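The values are calculated or read from the model by the stated rules, or taken from the named source; none is laboratory data. Just so it is clear, the structure is predicted and the values come from calculations on it, not from any experiment. Neighbour counts run over all protein chains shown; Cβ positions are idealised from the backbone, glycine included. Ligands, DNA and RNA are stripped out before the accessible areas are found, and what is left, the full protein with its side chains, is counted by its heavy atoms. Shrake-Rupley method; radii C 1.70, N 1.55, O 1.52, S 1.80 Å.
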Amino acid sequence: MKKIVIILAAALCLMSCESKHARLQKEIKARRVALKHHQDSALQASQKDVEELDKELQRVNAEYSRMKSAAEAAHAAGTATAEQLTRVTQMRMHRDSLQVQFDVMCAKIRYINKRKQQMDSVEHLRDAGK
């Protein structure tokens, strides 16, 4: 009698483990799909941000070049004011700040693409093993 109870308990335990395993596999698959969707949306948002930053950076670069040329010409002529030189310095700081933001966003895009590629290769290997 004890053997039958132990065998039934073991069978119930195995059945429970199998159902938990199936449920966990479904949850893992759902999380993978959600992660892929999140990566795609983050990538699109980052690409849009990079485009906007690039336009702003080009505008600020042109403005800085114009202001720097004018300040250098005024400095050479001896008519440069402290305010003019301060504005040039502030514009350079703004340009550098935008450049750092641009570089960070580009690095974020590269990282997202790298992670997506890694996930795709893992998924491909997993599908090949089935």
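Quick check on region 106-123. Is at least one of its residues touching a residue at least 60 places away in the same chain (Cβ under 8 Å) and over 17 Å from the mean Cα position of the chain (by Cα)? Within region 106-123, one or more residues are touching a residue at least 60 places away in the same chain (Cβ under 8 Å) and over 17 Å from the mean Cα position of the chain (by Cα).
Looking across region 45-82, not a single residue is loosely packed, with under 11 Cβ neighbours inside 10 Å, of a type in the set (S, T, N, Q) and either assigned to a helix (DSSP H, G or I) or in contact with an Asp or Glu (Cβ under 6 Å, 6 or more places away or on another chain) (or both). Just to be sure I understand the filter: pairs with C-beta atoms under 8 Å, separated by 6 or more residues or on different chains, first member in region 61-76 and over 14 Å from residue 92 (Cβ atoms), second member at pLDDT below 95 and open to solvent by 60 Å² or more (accessible area, probe 1.4 Å). Which pairs pass? Every condition considered, the pairs that remain are 74/81; 75/85.
Is it the case that residue 101 is in a helix (DSSP H, G or I) and under 15 Å from the mean Cα position of the chain (by Cα)? Yes, satisfied. Could we say that residue 49 is more than 18 Å from residue 112 (Cα to Cα) and acidic (Asp, Glu) here? No; evaluated as a whole, the condition is false for this residue.
Going by what's in this entry, would residue 25 be described as in contact (Cβ under 8 Å) with a residue 60 or more places away in the chain and either under 29 Å from residue 122 (Cβ atoms) or touching a Pro at 6+ places or on another chain (Cβ under 6 Å) (or both)?
No: the conditions fail for residue 25.
Residue count for region 83-98 under the criterion of being open to solvent by 70 Å² or more (accessible area, probe 1.4 Å), in contact (Cβ under 8 Å) with a residue 12 or more places away in the chain and closer than 18 Å to residue 59 by Cβ: the result is 3. Give the residue, chosen from 82, 42, 62, that is more than 30 Å from residue 28 (Cβ to Cβ), small (Gly, Ala, Ser) and modelled with pLDDT under 95. Answer to the selection: 82.
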